Amino acid sequence: MPLLIAAFFITALLYASVGFGGGSTYNALLALSGVDYRILPLLALSCNIIVVAGSTLRFARAGITPWRGALFMTALAAPAALLGGLTPIGEGAFLAILGASLVLTAMTMLLPVSEGEGEARRWARFIPLGAAPLGYLAGLVGIGGGIFLAPLLHLARWREARAIAATASFFILVNSLFGLAGQVLKGGEGRFLAAFDIGLPLLVAVAIGGQIGSLLALKFMPQRWIRWGTAGLTLWVGLRLLFAM
C-alpha cells in the first residue's frame with residue numbers, strides 16, 4: 001500500500017500540473033495491484049473529483065472559464081456519464097478499454113498545445129458532438145474525458161490555452177460526479193463501502209498531490225517537460241496493463 005499511495009500522489013501532482021485529473025492512471029495502478037475491477041471506477045472518479053475541484057474553483061474565481069461553451073459540452077456529456085456508470089461490463093472488456101484509453105491519453109498529451117486563440121478551425125463546431133461519447137467513457141471506466149477533449153479544442157483553436165484548461169477541468173469534474181453516481185447506483189452500498197475502505201489513504205494522497213501540482217509544479221518545471229513526463233508514465237502503465245491481460 002505505501003508504494004500505491006506514493007504512485008497516486010505522483011500521478012495527481014503530474015496531472016494537476018497540466019489541468020487534468022488522472023483517472024485513467026489511477027484505474028490502471030489499482031488494476032495492476034490486483035484490486036477488484038468493479039470498484040476501480042468508484043475510486044478513480046472520486047480521485048478525479050478531488051484533484052480537479054480545486055483547479056475548477058480557481059479558474060472560476062479568476063474569470064477564466066468560458067461558461068457558455070463549457071456548460072454546453074458538459075450538459076451533453078453528463079447524462080451519458082451517468083448512463084456509463086450504470087452499464088454492466090465484464091473484466092476483460094473493462095481492462096481492454098482502460099488500457100487502450102491510457103495509450104490514447106499518452107498520445108493526446110504529446111499533441112502540440114497552441115498558446116493563443118488564433119483563427120478557429122472550420123470543424124470546431126463539431127467538437128461538442130464528441131462530448132457525449134467522452135461522458136459515457138467517463139462513467140463506464142472512470143475517466144473524466146477532459147484529457148481527450150482538451151487536445152481537440154487546442155487543435156481547433158477554440159479558445160486560448162487557459163480557457164481550454166478551465167473547460168477541461170469543469171468537464172472532468174461534472175462527468176466524474178455523474179459517473180460516480182451511476183457507479184454507486186449500480187454497485188450498491190456494499191461496493192461503495194468496500195471502495196471507501198481501500199481508498200481513503202489514496203484519496204488523501206491525491207488531495208495533497210493535486211494541490212501541490214496545481215500550485216507549485218509549473219513554477220519550477222517547464223510545462224512541456226511535465227506533459228512529456230506525464231505522457232511517458234501514462235503510456236508505460238497502459239502498455240503494461242494491456243500486455244498483462
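The values are calculated or read from the model by the stated rules, or taken from the named source; none is laboratory data. Predicted, not measured: the structure shown is a model, and the values here were computed from it. Glycine gets a Cβ as well: all are built from the backbone with ideal geometry, and neighbour counts include every protein chain shown.
Structure values in brief
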quantity	calculated
Selected residue (only one of Ser114, Ser46, Ser55, Ser101 is modelled with pLDDT of 90 or more and either surrounded by 15 or more Cβ atoms within 10 Å (Cβ to Cβ) or over 30 Å from Ala161 (Cα atoms) (or both))	Ser46
Those residues of segment 141-169 which are buried (at least 23 other Cβ atoms within 10 Å of the Cβ), aliphatic (A, V, I, L, M) and not in a helix (DSSP H, G or I), in sequence order	Ile143
Ala106 vs. criteria buried (at least 17 other Cβ atoms within 10 Å of the Cβ) and either hydrophobic (A, V, I, L, M, F, W, C) or closer than 17 Å to Leu30 by Cβ (or both)	yes
Verdict on Pro88 being in contact with a helix residue (DSSP H, G or I) (Cβ under 8 Å, 6 or more places away or on another chain), part of a helix (DSSP H, G or I) and closer than 17 Å to Gly139 by Cβ	no
Boolean, Thr25 is of a type in the set (S, T, N, Q), touching a residue at least 60 places away in the same chain (Cβ under 8 Å) and closer than 19 Å to Gly139 by Cα	yes
Counted residues, segment 175-197 - those being within 16 Å of Leu86 (Cα to Cα) and touching a residue at least 12 places away in the same chain (Cβ under 8 Å)	15
Test: Met107 is at pLDDT 85 or above and either part of a helix (DSSP H, G or I) or farther than 17 Å from Asn175 by Cβ (or both)	no
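Condition check ((1) hydroxyl-bearing (Ser, Thr, Tyr); (2) free of Cβ contacts under 8 Å to residues at least 24 places away in the same chain; (3) farther than 28 Å from Leu235 by Cβ) across all residues:
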residue	(1), (2), (3)
Leu29	no, no, no
Leu45	no, no, no
Leu57	no, yes, yes
Ala60	no, no, yes
Ile64	no, no, yes
Arg68	no, yes, yes
Phe72	no, no, yes
Gly92	no, no, no
Ile97	no, no, no
